[in-house]
Every structure is written in structure tokens, then in C-alpha cells.
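The values are calculated or read from the model by the stated rules, or taken from the named source; none is laboratory data. No experiment lies behind these values; they were computed from the predicted model shown. With ideal geometry, Cβ positions are generated from the backbone for all residues, glycine too; neighbour counts draw on all protein chains shown. These area figures cover heavy atoms from the full protein model, side chains too; ligands, DNA and RNA do not enter into them. Shrake-Rupley method; radii C 1.70, N 1.55, O 1.52, S 1.80 Å.
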Amino acid sequence: MEKINDKGLVCVTGGTGYVTSWLIMRLLQSGYSVNTTINNNLDQEGSSFLKKLPNASQKLKIFITNPEDPESFYPAIEGCNGVIIAHSVDFEDTYDDEEIKIQRSINVILGILKACLVSKTIKRVIYTSSDATLCFNEGCPDVVDESWWSDVNFIKKLKPSGFFYCISKTLIEKEAINFGEKCGLDLVCINHAWVFGPFVTPQCPILVLRQMPMIIEGNWTNIEYDAGAIPFVHVDDVARAHIFLLECPKAKGRYICSCVDVTPDELSQFLRGRYPQYQIPNFDCLKVMTKAFKFPHLSSKKLLDIGFKYKYNLGDMYDGAIASCKQVGLTLG
């Protein structure tokens, strides 16, 4: 595959999200031109912050798309060298109308992939997936790699927090990979851990907010962890991994993107030591909320072996998140 140069045109779907907005910022800073899409049911004022990103006035175009009409993505994809698909699934969604919602999401992804084929200019597609498609399997080992898949029936039995999200992301990723293999489309998947750190969105993203109650409110009552490891990755490392895989000729298949994992107890001790100014409780009150399932460790060996390097640690993630929360007016402590 020919490397996409600094003046390439890349389409990023769902540009107002936590990861996608940060990714767009990094692409623009790297010299890329970017087309991004927002759903037609989204208040267009909600995307205005993207226009304020560095270089956005010259190199960013925003397209309104209809998830029910895959052809609406064609103008945003036309002429691009690469496409990054970040399809949002509501983490808090319920199981109501499960099959309809999942099939609707699959249709959106397949429609975007078909548009990539029609364009004739797309050299690579990056699909943003999740560690949720890897780890919920009754037989998985203590450390999982990209060969593992979550078992939908096991997820239904276990019912972890955000279980509809876990099922949806698993089925959608499988459909995307099958389509790519069948049609000869160069598709690479990123299976990222819990993304955390600063943000450029006007409001605090749900991925950040769900990790902040112990600092914002001084308690753990709004947090539920499975037993075992909690894998984290800095939002900038995720963005950099997307760009790296977009450009790397050797990239193929799925890639876990996870920098560090800690147990809930270790996280509590870390936060209490790093931020003594906040009334962070110990882990004892959380233990009753853990489940029998032990979340495994994630191996990033495949990503590291082709040359990617992480830049940020857990302290960087929390420092960045706290700074951004203060900037949008959240009261901490």
C-alpha cells in the first residue's frame, strides 16, 4: 500500500465524538485535509467547535449525513485517500428492540464501506472498535490478543455494565471484517481500551465522566467495575494509533490499543496518592459491586511490533481529564 502523504484527504465519520474530535485535531495538525460527517438529527450548532480547531478553516469540511441513507455518505468519502469509521453505540442503551437497533447499525457500517468501494480512491479504511469485542468470553485467558472474540451468548448471560454496547460492537465489527474480506477492501480495526484524558468537546464526554465520580463527587457509587484489570489508553495515543495504522504499509487485521491496566484497588491507591487535595475514598466500598467475571489483561504486542509507541501514562490521563473538566466548568472535589 502506498503511504498516504501529509496532504492526503481523509474522511472521519461521526466527527463530534470524544475520540473523533481529538483525532480530527491531530489529523489537521499533521497536515491532512479532513472531511467529517455529522448525523442530520444532530443540532448543527453542536459541531461548531470543530470549526475552531487549528487549521480547520482551511482543511476541514463538515457533511450532514442520514444514517438511514448510506448514499448520503458518498459526498464526504468521494476523493478521499482513507476513511476512519467511528460508529457510535450508546453505552447506556437498553436491550429493547435489540435486533432492530443492531441491524440498523450494521446497515450504516456496510453502507459506508460500500461507498468506499464506489469511490475508487480509498486506500485503507480504519474501523474504530473496542476491547468489548475481545474479552467477554468464558474461556479467555488472563491475557488476550487480537485472536479472541467476545461471545454474545456469554454477554447476555453475564449482563455486564453496557452489555448492549458490548453485543452491538462485537456483531458490527464481525460484519465489517467479513465485508472487507469478501470485497477486497483494505480494512484495519482498532480495538481500544477505556479511552481517557483531556477533550476538545464542549461537554465532558461520557467515557471521561464515568471515570470521574471519585474526584467530582468524592465517591465510587456511580462506578461499577468487573473484577480483574481495568485497561486504559490516553485519547491522544488512540488518535496517534489511528493515524499510524492509516499510514503503515504493514498494518493488517485487528490491533489492540491499550497502554496500561490496573485493578480497581490499585486505581484507588493511585488516585489517593496523586491527588490528596480530593476526598477520594478507598476501595472497600466498591468491592460489593464487582462481578464474578474477571476482565483479562490486553496485549498490545501486535501494535508495538509494527513500530507504534505509547506516549502517555495513567497520570497523564487523569491530569488531562481534570484540566479539561475544569475548563468546561465542572466542580471537582
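Is it the case that Gly180 is at pLDDT below 85 and either of a type in the set (S, T, N, Q) or open to solvent by less than 30 Å² (accessible area, probe 1.4 Å) (or both)? Answer is no for this residue.
The residue of the stretch 49-63 that is farthest from Leu23 (Cα to Cα), among those that are open to solvent by less than 100 Å² (accessible area, probe 1.4 Å) and part of a helix (DSSP H, G or I), is Ser57. Residues of the stretch 260-284 that are in a loop (DSSP other than H, G, I, E, B), in contact with a Lys or Arg (Cβ under 9 Å, 6 or more places away or on another chain) and open to solvent by 50 Å² or more (accessible area, probe 1.4 Å): Asn282 alone.
Within the stretch 298-313, residues that are more than 16 Å from Gly253 (Cα to Cα) and of a type outside the set (Asp, Glu) reach partners that are open to solvent by 30 Å² or more (accessible area, probe 1.4 Å) and not in a loop (DSSP other than H, G, I, E, B) with beta carbons closer than 7 Å, at six or more positions or on different chains, in the pairs Leu298/Asp261; Asn313/Val260.
Can you pull out the residues in the stretch 135-151 that are in a loop (DSSP other than H, G, I, E, B) and touching a Cys at 6+ places or on another chain (Cβ under 8 Å)? Across the stretch 135-151, the qualifying residues are Phe136, Trp148, Ser150.
The number of residues in the stretch 64-78 that are in a helix (DSSP H, G or I), open to solvent by 50 Å² or more (accessible area, probe 1.4 Å) and touching a strand residue (DSSP E or B) at 6+ places or on another chain (Cβ under 8 Å) comes to 1. For residues in the stretch 153-173 being open to solvent by less than 30 Å² (accessible area, probe 1.4 Å) and either of a type in the set (Phe, Trp, Tyr) or more than 20 Å from the chain's Cα centre (by Cα) (or both), which is modelled with the highest pLDDT? Among residues in the stretch 153-173 that are open to solvent by less than 30 Å² (accessible area, probe 1.4 Å) and either of a type in the set (Phe, Trp, Tyr) or more than 20 Å from the chain's Cα centre (by Cα) (or both), the one modelled with the highest pLDDT is Phe154. Within the stretch 194-213, the residues that satisfy the criterion of being more than 21 Å from Leu53 (Cβ to Cβ) and of a type outside the set (A, V, I, L, M, F, W, C) are Arg210, Gln211, Pro213. So for the stretch 285-302 (the condition being modelled with pLDDT of 95 or more, assigned to a helix (DSSP H, G or I) and open to solvent by 20 Å² or more (accessible area, probe 1.4 Å)), does at least one residue qualify? The answer is yes, given that some residue of the stretch 285-302 is modelled with pLDDT of 95 or more, assigned to a helix (DSSP H, G or I) and open to solvent by 20 Å² or more (accessible area, probe 1.4 Å). A count restricted to the stretch 118-143 and to residues that are touching a residue at least 40 places away in the same chain (Cβ under 8 Å) and open to solvent by 60 Å² or more (accessible area, probe 1.4 Å) stands at 4. The C-beta contact set for the stretch 144-163 (first residue more than 23 Å from Ser300 (Cα to Cα), second residue among the hydrophobic types (A, V, I, L, M, F, W, C) and open to solvent by 40 Å² or more (accessible area, probe 1.4 Å), distance under 6 angstrom, 6+ apart or interchain) comprises Ile155/Phe163; Gly162/Phe91. Applying a threshold of 8 Å to beta carbon distances and a minimum spacing of six or more residues, or different chains, the list of pairs starting in the stretch 273-293 at a residue that is closer than 20 Å to Leu332 by Cβ and ending at one that is open to solvent by 70 Å² or more (accessible area, probe 1.4 Å) and modelled with pLDDT under 60 reads Cys285/Thr221.
Residues are listed down the side, and each one gets a yes or a no for (1) under 20 Å from Lys311 (Cβ atoms); (2) part of a loop (DSSP other than H, G, I, E, B); (3) in contact with a strand residue (DSSP E or B) (Cβ under 7 Å, 6 or more places away or on another chain); (4) at pLDDT below 70:
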position: Val200; (1), (2), (3), (4): yes, yes, no, no
position: Leu207; (1), (2), (3), (4): yes, no, yes, no
position: Gln211; (1), (2), (3), (4): yes, yes, yes, no
position: Trp220; (1), (2), (3), (4): no, yes, no, yes
position: Glu224; (1), (2), (3), (4): no, yes, no, yes
position: His242; (1), (2), (3), (4): yes, no, yes, no
